[in-house]
Amino acid sequence: MWYLYGFVLMAGIANAVQAGLNGALSKGLAQSLTAGLVVAAGTATCILTVGLISGHLTWPTADQVSHMPWWAWFGGILGGGIILAQFVVAQKIGAAPFLGLLVTAGVVTSVVLDHFGLIGFEQHTANGWRLGGGLLMIVGVTLVAVF
């Protein structure tokens, strides 16, 4: 299972690089929404290719759809919001503050989601270590953004 951590580390690196790539694309095309469609097409192509090669691509069944919580379908919209933020904000404030804020907001939100066991996550109490880690991230991203 160790390779999963490596995969996440690579995704984190890609997230930082993607913000710059998307910002350049947005500037070059002069319209953020057009750039967003280009990114979405690239994302869909990547997932389609991996899905077809791996044999893990199927359409959901009616039974799966009927048992899915209504809010589960909104992940793509949230992903689109993240991409739009990359277009609009990342190049203006810099890669470090942008990604620092993005990750820190994600970690703090994750502590809350875990603590209350929301949106399908198992409950993990927000103990002093978790709260302290979130606070250290807030302090760290503040230092990166200010200095």
- [ ] Report yes if some residue within the stretch 6-24 is more than 25 Å from Gly120 (Cβ to Cβ), in contact with a helix residue (DSSP H, G or I) (Cβ under 8 Å, 6 or more places away or on another chain), small (Gly, Ala, Ser) and open to solvent by 50 Å² or more (accessible area, probe 1.4 Å); otherwise report no.
- [x] yes
Open item on the list: Based on this model, can you work out whether Leu57 counts as at pLDDT below 95, over 20 Å from Gly12 (Cβ atoms) and not aromatic (Phe, Trp, Tyr)?
Closed with: yes
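Residue-wise test of (1) aromatic (Phe, Trp, Tyr); (2) without any contact (Cβ under 8 Å) to a residue 24 or more places away in the chain.
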residue: Phe7; (1), (2): yes, yes
residue: Gly20; (1), (2): no, no
residue: Ala40; (1), (2): no, no
residue: Leu48; (1), (2): no, yes
residue: Ile53; (1), (2): no, yes
residue: Val107; (1), (2): no, no
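The values are calculated or read from the model by the stated rules, or taken from the named source; none is laboratory data. Just so you know, these numbers come straight off a predicted model, no measurement behind them. Reconstructed Cβ throughout: ideal geometry from the backbone, glycine too, with neighbour counts over all protein chains shown. Keep in mind that these areas ignore ligands, DNA and RNA; they rest on the heavy atoms of the full protein, side chains included. Shrake-Rupley method; radii C 1.70, N 1.55, O 1.52, S 1.80 Å.
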